[in-house]
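Notes to accompany the following structure.
The values are calculated or read from the model by the stated rules, or taken from the named source; none is laboratory data. Small disclaimer: the values here were computed from a predicted structure and weren't measured. Cβ placement follows ideal geometry from the backbone for every residue including glycine, while neighbour counts extend to all protein chains displayed. When the accessible area is computed, the model is the full protein with side chains, heavy atoms only, and any ligands, DNA or RNA have been set aside. Shrake-Rupley method; radii C 1.70, N 1.55, O 1.52, S 1.80 Å.
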Amino acid sequence: MNKLCIEGNKNLYGSVVISGSKNAALPILFMTILTEEKIKISNVPNLTDINIALRLLVYLGAKIAYKKILSIDTSRINVFSTPYDLIKKIRASIWILAPLLARFGKAQIFLPGGCKIGSRPIDLHLNGLIKLGATINLKNDCINAFVKGRLKGKYILMEKISVGATITIMSAATLAQGLTIIDNAACEPEIIDIAKFLNTLGANIIGAGTHKIFITGVLKLNGGNHKVIPDRIETGTFLVAAAISKGYITCHKTEPKHLKNVLSKLGKTGAKIKTGKDWIKLDMRGKRPKSLNISTSPYPGFPTDMQAQFTLLNIISKGMSTITETIFENRFLYTSELIHMGAKIKIQNSNTIVCHGVPTLSSANVSCSDLRAAATLVLAGCISIGVTIVNQADHLIRGYDSFPNKLNKLGANIKII
Ligand code: UD1
């Protein structure tokens, strides 16, 4: 899916079923390394990032079968290093390090890749593992980690809230000796899901979802089954699709509680929102949205992964607004593409942009810089006047399960070239 051709000027309406969360499923796949017993995981989204994660597990020696539910058997893992070409493709590959180290006492991985949205250091991951007793050498882009015996539980105060580093330390601590406390931990729903998965296997984790997580190490983990939570960012993206197209979309099989902040912002645009146990309905028929000021922050704040989609919302809304990105330093690359489509955006400083709403966008030939930018440009194509070509659209399939198909069922006209 390198290029998409999108006929614009559409109102999007109907129902969409939300897939499992990418950012919960990816670490959970790597957490299966922590046990030698069999694991079954359901609601895993069909994405290239997931595919790469599975290929990495197979490379290490895991056996994988898929029939609606993913069965993973890591009992025969006998390789403790990973190939450069696979690991460089996804940011999530950093989460191989801690499980290999905790179960086998050794791991060798290259520095991870992923979306180019900032420098994305991994110092907090590595410092956390060092505090738990690991020896880590970093040479030529390659991390060599080992520990004699078991890791040792410790109090770890995170200098900065990091989703990735919280997951690394939490997974390492499950098999460590004694108690680990992660202070200033990230509290995203994905962290709660990962803790729930690990506890199902016999881990002892309390406090996930708060800023203090207590992990009492156990000697070994068992097998078990787990269903991945719905993708809150995919849900938010479809709700924005309804809001920008004067449409009406119901997202099914989702979790409204995970989107409180996003729903409160969408409500302020003038959209009518209704929620049920596992669905959210957004209705913007006959209205032009009102613009909003947004500033990203760690959960429960406004998610950085929804920043680009809300910029699109603001540029076609009534009024002037600002968007401030506080998590990643390079997450406005897509704005130049929106400007090609007629958006009025000014960079105020390195982390704030100002949007002046225009009534319509016009089609253009645009390129995607990262995953969320790709979704945003596709949605912009759906509402602009004319035919938009979206290049480098393969970013999309890294994080959105069947995005063009789902949008086409809602009334879009997207062709994969
Ligand atoms: C994860 C998500 C990503 C989401 C982000 C924030 C996955 C695969 N990715 O990314 O979609 O946008 O959370 O919700 O789940 N930092 C450091 N040192 C570190 C680690 C992070 O300084 O060792 C900094 C980062 O540069 C960033 C901030 O901490 O400024 C937050 O990063 P983090 O929460 O770790 O994001 P990721 O885990 O990379």
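From the list Ser402, Ser336, which one is at pLDDT 95 or above, more than 16 Å from the ligand (Cβ to nearest atom), out of contact with any Ser or Thr (no Cβ under 7 Å at 6 or more places or on another chain) and within 24 Å of Ala92 (Cα to Cα)? It would help to see each step written out before you state the result.
Values: Ser336 fails: within 24 Å of Ala92 (Cα to Cα).
After applying the criteria, what remains is Ser402.
What number of residues in the range 230-246 are more than 16 Å from the ligand (Cβ to nearest atom), surrounded by 24 or more Cβ atoms within 10 Å (Cβ to Cβ) and not in a helix (DSSP H, G or I)?
So the first thing to find is which residues in the range 230-246 are more than 16 Å from the ligand (Cβ to nearest atom), and the list is 238-246.
After this cut, where a residue has to be surrounded by 24 or more Cβ atoms within 10 Å (Cβ to Cβ) as well, the list is 238-245.
Applying the additional criterion that residues be not in a helix (DSSP H, G or I) yields 245.
Total satisfying the criteria: 1.
Between a residue in the range 82-108 that is within 16 Å of the ligand (Cβ to nearest atom) and any residue that is basic (Lys, Arg), which pairs come within a Cβ distance under 8 Å, given they are 6 or more apart or on different chains?
Once the first residue is within 16 Å of the ligand (Cβ to nearest atom) and sits in the range 82-108, its partners that are basic (Lys, Arg) give Leu86/Arg55; Ile90/Arg398; Arg91/Arg120.
Can you tell which of Phe197, Phe214 is away from the ligand (no atom under 16 Å from the Cβ), at pLDDT 95 or above and aromatic (Phe, Trp, Tyr)?
Details: Phe197 fails: away from the ligand (no atom under 16 Å from the Cβ).
Going through Phe197, Phe214 in turn, just one is away from the ligand (no atom under 16 Å from the Cβ), at pLDDT 95 or above and aromatic (Phe, Trp, Tyr): Phe214.
Being assigned to a helix (DSSP H, G or I) and over 22 Å from the mean Cα position of the chain (by Cα) is the filter here; which residues of the range 260-282 pass it? First the steps, then the outcome.
First, pick out the residues of the range 260-282 that are assigned to a helix (DSSP H, G or I): 260-268.
Of everything in the range 260-282, those that are assigned to a helix (DSSP H, G or I) and over 22 Å from the mean Cα position of the chain (by Cα) turn out to be Gly267, Lys268.
Is it fair to say Phe310 is within 16 Å of the ligand (Cβ to nearest atom), touching a strand residue (DSSP E or B) at 6+ places or on another chain (Cβ under 7 Å) and closer than 21 Å to Asn9 by Cα? Can you show your working first?
On the way: within 16 Å of the ligand (Cβ to nearest atom): yes; touching a strand residue (DSSP E or B) at 6+ places or on another chain (Cβ under 7 Å): yes; closer than 21 Å to Asn9 by Cα: yes.
Spelling it out, Phe310 is indeed within 16 Å of the ligand (Cβ to nearest atom), touching a strand residue (DSSP E or B) at 6+ places or on another chain (Cβ under 7 Å) and closer than 21 Å to Asn9 by Cα.
What are the residue pairs meeting all of these: first residue in the range 229-242, first residue closer than 13 Å to Ala24 by Cβ, second residue modelled with pLDDT under 95 and not in a loop (DSSP other than H, G, I, E, B), Cβ atoms under 7 Å, and 6 or more apart or on different chains?
Filtered contacts from the range 229-242: no entries.
If a residue must be modelled with pLDDT of 95 or more and not in a helix (DSSP H, G or I), how many such residues does the range 82-107 contain?
Residues in the range 82-107 being modelled with pLDDT of 95 or more and not in a helix (DSSP H, G or I): 3 in total.
Say we look at the range 118-137 and pick out the residues that are of a type in the set (S, T, N, Q) and assigned to a strand (DSSP E or B); which of these is most open to solvent (accessible area, probe 1.4 Å)?
To start, the set of residues in the range 118-137 that are of a type in the set (S, T, N, Q) comprises 119, 127, 135, 137.
When the remaining residues are screened for being assigned to a strand (DSSP E or B), the result is 135, 137.
Values: Thr135: 61, Asn137: 81 Å².
Restricting to residues being of a type in the set (S, T, N, Q) and assigned to a strand (DSSP E or B), the top hit is Asn137.
Consider the range 163-186. How many of its residues are open to solvent by 10 Å² or more (accessible area, probe 1.4 Å), touching a Lys or Arg at 6+ places or on another chain (Cβ under 8 Å), within 18 Å of Pro27 (Cβ to Cβ) and within 16 Å of the ligand (Cβ to nearest atom)?
Number of matching residues: 1.
In this structure, is Thr254 at pLDDT 95 or above, outside any strand (DSSP E or B), open to solvent by less than 10 Å² (accessible area, probe 1.4 Å) and touching a Pro at 6+ places or on another chain (Cβ under 8 Å)? Working first, answer last.
Working: at pLDDT 95 or above: yes; outside any strand (DSSP E or B): yes; open to solvent by less than 10 Å² (accessible area, probe 1.4 Å): yes; touching a Pro at 6+ places or on another chain (Cβ under 8 Å): yes.
Yes: the conditions hold for Thr254.
Scan the range 58-79 and give yes if some residue there is more than 22 Å from Glu37 (Cβ to Cβ) and either within 16 Å of the ligand (Cβ to nearest atom) or in contact (Cβ under 8 Å) with a residue 12 or more places away in the chain (or both), otherwise no. So that I can check it myself, show each step before the final result.
Initial filter on the range 58-79 (more than 22 Å from Glu37 (Cβ to Cβ)): none.
No; the residues of the range 58-79 include none that is more than 22 Å from Glu37 (Cβ to Cβ) and either within 16 Å of the ligand (Cβ to nearest atom) or in contact (Cβ under 8 Å) with a residue 12 or more places away in the chain (or both).
Any idea which residue in the range 356-393 is nearest to Asn43 (Cα to Cα), counting only those that are among the small types (Gly, Ala, Ser) and assigned to a loop (DSSP other than H, G, I, E, B)?
Initially, the range 356-393 is screened for residues among the small types (Gly, Ala, Ser), giving 357, 362-364, 367, 369, 373-375, 380-381, 384, 386, 393.
Filter again for assigned to a loop (DSSP other than H, G, I, E, B), leaving 357, 363-364, 369, 384, 386, 393.
On the way: Gly357: 38, Ser363: 35, Ala364: 36, Ser369: 28, Ser384: 33, Gly386: 37, Ala393: 24 Å.
Filtering the range 356-393 for residues that are among the small types (Gly, Ala, Ser) and assigned to a loop (DSSP other than H, G, I, E, B), the one nearest to Asn43 (Cα to Cα) comes out as Ala393.
Quick check on my filter: what residues within the range 356-393 are open to solvent by less than 20 Å² (accessible area, probe 1.4 Å), at pLDDT 95 or above and not hydrophobic (A, V, I, L, M, F, W, C)?
If the condition is that a residue be open to solvent by less than 20 Å² (accessible area, probe 1.4 Å), at pLDDT 95 or above and not hydrophobic (A, V, I, L, M, F, W, C), then Arg372, Thr376, Gly381, Ser384, Thr388 are the ones that fit.
Determine which single condition Gly342 fails, assuming it passes every other condition in (1) over 17 Å from the mean Cα position of the chain (by Cα); (2) at negative phi.
(2) is the only condition that Gly342 fails.
Run down Asn293, Asn314, Asn261, Asn351 and say which single residue is under 28 Å from Lys160 (Cβ atoms), of a type in the set (S, T, N, Q) and open to solvent by less than 30 Å² (accessible area, probe 1.4 Å).
Details: Asn293 fails: open to solvent by less than 30 Å² (accessible area, probe 1.4 Å); Asn261 fails: open to solvent by less than 30 Å² (accessible area, probe 1.4 Å); Asn351 fails: open to solvent by less than 30 Å² (accessible area, probe 1.4 Å).
Going through Asn293, Asn314, Asn261, Asn351 in turn, the sole match is Asn314.
Read through the list (1) assigned to a helix (DSSP H, G or I); (2) open to solvent by 30 Å² or more (accessible area, probe 1.4 Å), then give the number of the only condition that Leu396 fails.
Looking at each condition in turn, Leu396 falls short on (2).
Within the range 12-57, can you find the residues that are of a type in the set (Gly, Ala, Ser) and open to solvent by less than 10 Å² (accessible area, probe 1.4 Å)? First the steps, then the outcome.
Keep residues of the range 12-57 that are of a type in the set (Gly, Ala, Ser), which gives 14-15, 19-21, 24-25, 42, 53.
Across the range 12-57, the qualifying residues are Gly20, Ser21, Ala24, Ala25, Ala53.
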